[in-house]
Amino acid sequence: MVSQRRFGLLLAVVSLAGLLLGMAVFDRHPPPRPTERPNFLLVITDDQSWLHTSFAGYPAVKTPNFDRIAREGVYFDNAYASAPTCTASRSAILTGQHFWRLGSAGQLWGEFPSSLVTYQQLLEKHGYKIGYTGKGWGPGKALLGNPAGPAYSRIRREVDPNLSNIDHVANLDLFLRERKPGQPFSFWLGTTEPHRPYQTGIGARSGEIDLAAIAVPPFLPDTDVVRRDLADYLYEIQYFDRELGEILQTLALHGELDNTVIVFTADNGMPFPRAKSNNYEYGTHVPLAVRWGNGITAHQQVTDFISLTDLAPTFLDLAGVPIPPDMTGRSFRQQLLAAKSGRIDKNRNVAYSGFERHIGDARQDKRGYPSRAIHTDKHLYIRNFAPERWPAGRPPELADIDDGSPSKNQLVLQRQDFESFWQLAAGKRPAEELYNVPRDPAQLQDLAANPEYAPLKASLARQLHDELLRSGDPRVTGHGEDFDGYTYYGSGGE
């Protein structure tokens, strides 16, 4: 096996040669060739909202390698997680199904049964080498090993204890070298950045993040504590983006850069109050960019709505593998290969999300906060099935907001000074919520009780209910209590 040091020197030599030639090796584009069985690399960050890349225009973060994927491929403006919590979202990605169809696997620290079929399993049956590094499916109990595939995480590195010590690059290299000659592959590369905990103050202290450039979401108080907390979050996004550049180099060194469908996304939104574990935009709207050098020949920016449940059928479609009828997601091959930007399919105009349980100990009897949502170009409609429950966990702890968050702690410990923000994050909510997203991007003005919007609310409620009924959601088929009875296998958070 090539040592980590030797592999690092090899990357350095390749990069130097690219500079001398006026372009990096991995920037060369050979003429596209027909590819019946492309490779797949899913790069998935942990807790990153859609807005926080430099390609999306966020002023305080620099993500040149994500930007490169978006610039040389397709960038999706409207990509949504099935659930704003990692286990449920990752289950939905792997199975290509709405999370509410997956039983215990649709909840944090749940159980992934052997009866659920993943796109990785199907690709492996059709000759693909599969594997994962870093964070695969989970956290939870998987009965037949991690559903993302065999683990490639044994190569480690010394880093700050708040950062992942898994050497994703070296483990990807090992995986690629173990393939049979000419064998296609599907690899899941999951980092734990920018998941908490953070090294408190690293964003500002490192000099990488300009506190003044941070746009504080209006559902959080604009305080020094919150700005520094956001800076630490953005620092971890930038940290992984540098590793993403090495990942692209590794594919190039193996001659697989342009024959690989590279997908970059996140499992859910940022770990802050009213974001993660919520159906609002900052909890469910995630970055999504796809590069495929042999298939996508020009950059497009697509506004069609994409659910992360669509990834599995898309991979199978591109690989020529039949898509199981159980998958509720739909292939977006058409959007990848379209020769224009904007709306490609007028019928791709909605996405669905929902939530059940995050941290089990946050609530009485480990019950969750059942809710479902429909996202459109203009509106977000949310149905809360148990409005009598606390959405962020019992006060005063609010344990369904990630522990270790200075932003959360400020709301809890100084509630008297930030009551309005506390209510936005943790106050009880009505059975129905309705927001005009373009006019109210932070979802601060609930229109559900406004008579003027009653027809629109009723229409969206019917559309959401029809999808839940069609897909067999227990919350509308009379078995919603099942969600409250699943075993919680964790001892706390993620």
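Condition first: within 20 Å of ASP473 (Cβ to Cβ) and surrounded by fewer than 22 Cβ atoms within 10 Å (Cβ to Cβ). Can you find one or more residues in region 327-340 that meet it? Looking for residues that are within 20 Å of ASP473 (Cβ to Cβ) and surrounded by fewer than 22 Cβ atoms within 10 Å (Cβ to Cβ), one finds at least one in region 327-340, hence yes.
Taking region 390-410 as the range and being over 10 Å from PRO273 (Cβ atoms) and of a type in the set (Gly, Ala, Ser) as the test, the residues that pass are GLY393, ALA399, GLY404. If you filter region 341-381 down to residues that are buried (at least 23 other Cβ atoms within 10 Å of the Cβ) and part of a helix (DSSP H, G or I), you find that the one that is nearest to the chain's Cα centre (by Cα) is GLY360. Just one of the listed residues (GLY404, GLY478, GLY393) is in contact (Cβ under 8 Å) with a residue 60 or more places away in the chain and at positive phi, and it is GLY404.
Would you check which residues across region 96-125 are closer than 20 Å to ALA373 by Cβ, in contact (Cβ under 8 Å) with a residue 40 or more places away in the chain and in contact with a helix residue (DSSP H, G or I) (Cβ under 7 Å, 6 or more places away or on another chain) and list them? Across region 96-125, the qualifying residues are GLY96, GLN97, HIS98, PHE99, TRP100, GLY106, GLN107, LEU108. The set of residues in region 476-494 being part of a helix (DSSP H, G or I), of a type outside the set (S, T, N, Q) and out of contact with any helix residue (DSSP H, G or I) (no Cβ under 6 Å at 6 or more places or on another chain) consists of PHE483, ASP484, GLY485.
For the structure I just gave you, tell me whether PRO64 is under 17 Å from the mean Cα position of the chain (by Cα), over 17 Å from MET327 (Cβ atoms) and surrounded by fewer than 17 Cβ atoms within 10 Å (Cβ to Cβ). Criteria not met by PRO64. A residue that is in the same structural domain as ASP232 (by TED's automatic domain parsing), closer than 24 Å to THR328 by Cα and surrounded by fewer than 24 Cβ atoms within 10 Å (Cβ to Cβ) cannot be found anywhere in region 154-176.
Per the listing ALA56, ALA83, ALA92, the residue uniquely surrounded by fewer than 23 Cβ atoms within 10 Å (Cβ to Cβ) and assigned by TED's automatic domain parsing to the domain that holds ALA204 is ALA56. Scanning region 86-133 for residues that are within 19 Å of PRO474 (Cα to Cα) and in a loop (DSSP other than H, G, I, E, B) gives GLY96, GLN97, HIS98, LEU102, GLN107, LEU108, PRO113, SER115, LEU116.
The single condition among (1) touching a residue at least 12 places away in the same chain (Cβ under 8 Å); (2) more than 14 Å from LEU220 (Cα to Cα) that LEU413 does not meet is (1).
Scanning region 449-475 for residues that are free of Cβ contacts under 8 Å to residues at least 60 places away in the same chain and either in a loop (DSSP other than H, G, I, E, B) or acidic (Asp, Glu) (or both) yields a count of 4.
The values are calculated or read from the model by the stated rules, or taken from the named source; none is laboratory data. Since the structure is predicted, the reported quantities are computational estimates derived from the model, not experimental observations. So basically every Cβ, Gly included, is an ideal-geometry build from the backbone, and we count neighbours across all protein chains shown.
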